[in-house]
């Protein structure tokens, strides 16, 4: 399980004090996170190397006397898989959201906030079980350190809280597709063999591996047209291999299209041109 950035910030700040004694616990403020939307309500598709920046928006209602400076006091949103108290995995936001006040009362301030959660597969995703629906939580952290020993006293306190089940978002493995039509050129009426491969991100190995027993649509677009039509559906075999035959009718492009699954994103191969003579 990855340590939260907010937790790392608290731990790092307090480590600089050299204090090893138990820390005092501060009082947690009453915060309300609502209307949390992650990635505009869409699934998050992650490959093996590139970090994915995920937009987050939410409404925060806080005590009017609470100062959030993102130096010693933080708020933000995190994703977690499993239980809130003992998560199987956690991914937190950048901890510096942009917030605009939308309403105030004598005791509270309501803000509209936007943030970014960066998902680096090499740092945040470790196993196939991470391709599932994650929960969303709001979180708060604060540390206070006093190292002025002129009065023969030093102190340190921390405060952390998380509010779970503020939303859900699906995290999926990215998929790739290839297509190759041969032979080329080919005489009209002869047989064309269209091969390809369906692979998807494997976060355990950091590579793409074959996705077997999955349907992929073979599509054709005639030369001069902008529209693809489905010719047939092909099921991926060993190593994600795709292979089928069709009759050569006219010049155009063949491609495979994968609609995705609950754990894997969609994929579309680049069209491969065939010259029919």
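The values are calculated or read from the model by the stated rules, or taken from the named source; none is laboratory data. The structure displayed is predicted, hence computed values, not measured ones. Counting neighbours? That spans all protein chains shown, and the Cβs are built from the backbone with ideal geometry, glycine included.
Things to note:
- Scanning segment 52-75 for residues that are at positive phi and surrounded by 20 or more Cβ atoms within 10 Å (Cβ to Cβ) yields no hits at all.
- Failed item, numbered, when residue 162 is tested on (1) outside the structural domain of residue 78 (by TED's automatic domain parsing); (2) within 26 Å of residue 44 (Cα to Cα); (3) part of a strand (DSSP E or B): (1)
- In the set (1) within 30 Å of residue 28 (Cα to Cα); (2) surrounded by fewer than 17 Cβ atoms within 10 Å (Cβ to Cβ); (3) under 16 Å from the mean Cα position of the chain (by Cα); (4) in contact (Cβ under 8 Å) with a residue 60 or more places away in the chain, residue 133 fails one condition alone, (4).
- Residue match in segment 52-59 (condition: at pLDDT 95 or above, in contact with a helix residue (DSSP H, G or I) (Cβ under 6 Å, 6 or more places away or on another chain), closer than 29 Å to residue 202 by Cα and not assigned by TED's automatic domain parsing to the domain that holds residue 264): yes
- For segment 136-153, filtering for residues that are over 19 Å from residue 70 (Cβ atoms), in contact with a strand residue (DSSP E or B) (Cβ under 6 Å, 6 or more places away or on another chain) and touching a residue at least 40 places away in the same chain (Cβ under 8 Å) leaves 1.
- Positions within segment 190-207 being touching a residue at least 60 places away in the same chain (Cβ under 8 Å) and crowded, with 20+ Cβ neighbours inside 10 Å, in sequence order: 194, 196, 198, 200, 201, 203
- Residue within segment 162-173 that is under 17 Å from the mean Cα position of the chain (by Cα), touching a residue at least 60 places away in the same chain (Cβ under 8 Å) and within 26 Å of residue 243 (Cα to Cα) present: yes
- Residue identified as modelled with pLDDT of 95 or more, closer than 30 Å to residue 261 by Cα and outside the structural domain of residue 263 (by TED's automatic domain parsing) among 79, 84: 79
- Every condition in (1) over 28 Å from residue 208 (Cβ atoms); (2) loosely packed, with under 12 Cβ neighbours inside 10 Å is met by residue 49 except one, and the failing one is (1).
- The set of residues from segment 1-41 being closer than 30 Å to residue 207 by Cα, modelled with pLDDT of 65 or more and surrounded by fewer than 13 Cβ atoms within 10 Å (Cβ to Cβ) comprises 40, 41.
- 1 or more residues loosely packed, with under 12 Cβ neighbours inside 10 Å and under 32 Å from the mean Cα position of the chain (by Cα): qualifying strands (runs of 3 or more DSSP E) within segment 222-277: 229-235
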